[in-house]
1. Treating only the Cβ of Lys, Arg, Asp and Glu as charged (+1, +1, -1, -1), what charge dipole size does the stretch 1-58 show about its Cα centre? Round to the nearest 20 debye.
2. Please find the FRET efficiency linking residue 40 to residue 4, where r is the Cβ-Cβ separation and R0 is fixed at 35 Å, and quote it to the nearest 0.05.
3. Taking R0 as 35 Å, what's the FRET efficiency between residue 48 and residue 15 from their Cβ-Cβ distance, rounded to 0.05?
4. With a ≥ b ≥ c the root eigenvalues of the C-alpha gyration tensor of the stretch 1-42, is it rounded (a/c under 1.5), prolate (a/b larger than b/c) or oblate?
Amino acid sequence: MGSIGTPELIVILVIALVIFGPGKVGKAIGKGINEFKDAISGPKKAVDETKEAVKKATTIDVTAGAKNDDKHKEAND
């Protein structure tokens, strides 16, 4: 008791279509689907951006390291 099944959802949808008409109900359903897709893709975009930032941060500049080593050797000589 208390759960809504498929037949109940169909009855609710038919009543909504009769009261509001197919234009408003269709737009509301479409808007809801679009908001759901945006909510799903938001965290995925954030994860992808973070992965790219980590890749850039972990890139090693070998030439900078070699220059620093040369400076260190000159200072010790």
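All of the numbers you see were taken from the coordinates with simple rules; none came from a lab. If you're wondering where the values come from, they're calculated on a predicted model, not measured in any experiment. Here the Cβ is made from the backbone with ideal geometry for all residues, glycine too, and neighbour counts use every protein chain on show.
1. Details: 9 positive and 6 negative charges, 50 e Å.
I would put it at about 240 debye.
2. Values: r = 23 Å, r/R0 = 0.66.
Approximately 0.90, to the nearest 0.05.
3. Values: r = 42 Å, r/R0 = 1.20.
The pair residue 48/residue 15 has a calculated efficiency of 0.25.
4. Details: a/c = 4.18, a/b = 1.30, b/c = 3.21.
Taking the square roots of the gyration eigenvalues as a ≥ b ≥ c, the stretch 1-42 is oblate.
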